[in-house]
Amino acid sequence: MDSYGGGDREPEASDEYETVELGPIRRALLAWQRWRRTRPFWGGLLIILGGGEILLSEQAPLPIVIHVGAQGLAGYLVPIVLVLCGVLLWLSPTQQTFYSVLAVVLALGSWVTSNLGGFFVGLLLGVIGGALAFAWQRGEDPGPSLREELRGPRKSPSEGLGLVLGDEARDGSDDDAERPGGAPLPQHDGEPLPQEDAEPLPKGAGGESGGSFRADGMITGVSALPLILAIFPRASSQSLAPSPGAHHTKPRAAS
Amino acid sequence: MTENAAVGGYGRVRWRRFALILMPALAAVIILVVLTAQSVLAVSFAISGVPFTVTASQLNGQGFEQFGVLDHSVTRGNFFLASSAIRTATLSHLCLSVNLGLAILKITAGNGGSDVSGSDLVIDADRLSGNASFTKINIGQDASTLTQVPGVKGPAGAFALDSQTVAISNLRTHAYATTAGTFTLPGLSLRFGSPC
């Protein structure tokens, strides 16, 4: 439902110059399409729906919530933050890793705090949406949007994220952004010229497989956290014990 | 996994990565359900807005209050509900069914040897039936002076009763709102099907 690698390809660079002449409806559609595909849209949507469903299932009167205390308050906080995660995934997709992992953890936590995760429905939506948003990968060069075309060239925001994630450095989009002028080079069926690939990163293909492995180690390390939290919910002294193990996975994977 | 990234800044989902986070997450879900079913993990409830049915073959509670409240619903207008609060309770053969619109969800627990236990239970019900026995019951108390369940009080001047303990067999309630601070659900089963 979400992979646009195949059939409906974005019109190539030659189309970008024609957008000025398109009618308003077509233009709005294109803008909407661009907005939708430049962020983890479906993941965010599922997370928002899941959080909303959990919220709907629990509308206890406020005095009773306050009486019950921390547990009752958490019952509201968890789905609210879940909805926020979905919204922020749309608004700032550069932070997708944090928001999507947080969404998965919150969806799991809602089992304890909020009506068994909104009777399981909201929990499933949140977990699947979070995984979708996590697995979403940014495209190559975002290219100038309609608004940016009017404003002039701007720096691509993906540079820092590429450094953090480690496995995005290979897509070669950053070099394009660093070129003076910032105009996207005409691409030949989405494949960058061989020169560009070799020039910036000596890592090349080897660095890429290493990068994705590193990210995978991080994923398993992070997603093991809710397990640990779930197994030791009460005894805080016990919950400290496995955490060195959880931390251990990260340095080992990173080395 | 070295397919070309999507063209023109359009993102896409990498399904291997999707599975990599979904699998441990689903494993965590299963562990959560199992831990809850073994009553290691206590869950908390706060349901409102949807009418639901709760049945139990036996309820034993410490600290019981009951008073009338006026509720308001868009479809029914104002209507009276009996609000029952129990400080701590154990229930056997608990069954809770909610109509979610598309399907009826049924949660059962406490069918085996161990009972469901809950604390700070508040149930607003319009039908409540069963064979009840109370100890040290106090009928006709002002609802604003109730002390059996700390923090739960009714409106001043309203009729209320409270008792030190309560035991109800063949409990059946049709309720509109419930909250439970903590709930352990041994032998939890969660399925779609017929109501209780």
#### Entry: Taking the C-alpha atoms of the stretch B:30-111, convex hull volume expressed per residue in Å³
125
### Task
Just tell me how shielded B:171-183 is by partners: mean number of partner chain Cβ atoms within 10 Å of each residue's Cβ, no decimals.
3
### Query
Which residue fluctuates the most in chain B, going by a Gaussian network model with Cα springs under 10 Å, if the choices are B:Gly154, B:Gly181, B:Gly11?
B:Gly11
### Task
Order the peptides B:103-110, A:128-135 from the highest to the lowest mean number of other Cβ atoms within 10 Å of their residues.
A:128-135, B:103-110
### Query
What nm value, rounded to one decimal, do you get for the distance between A:Leu77 and A:Ser92 when each label is placed 7 Å out toward the C-beta?
2.0
#### Entry: Point-charge dipole on Cβ atoms (K/R +1, D/E -1) for chain B, about Cα centre, debye to 20
720
### Message
Taking a virtual spin label 7 Å from the Cα of B:Phe159 along the C-beta vector, which residues in the stretch B:108-148 bring their backbone nitrogen under 14 Å of it?
### Response
B:139-143
### Task
Taking amide H positions as placed in the peptide plane 1.01 Å from N, state which residues far from A:Glu58 in sequence (5 or more) or on other chains have amide H under 5 Å from it.
none
## Note on the structure
With 0.36 nm assigned to each residue of separation and the Cα-Cα distance removed, B:Val40 to B:Ala82 gains 11.9 nm
### Query
What list do you get for B:Thr179, B:Thr184, B:Thr135 if you sort them by fewest beta carbons within 10 Å?
B:Thr135, B:Thr184, B:Thr179
#### Entry: Shape of the stretch B:71-162, Cα gyration tensor, a/c cut at 1.5
oblate
#### Entry: Zone of B:His174's modelled label, taken as backbone nitrogen in the stretch B:37-56 under 14 Å from a point 7 Å along Cα→Cβ
B:51-55
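Where a number appears in this text, it was derived from the coordinates with a stated rule and is not lab data. Predicted model only: the values in this text are computed from it and were never measured. When we count neighbours, we look across all protein chains shown, and the Cβ atoms used for this are built from the backbone with ideal geometry, even at glycine.
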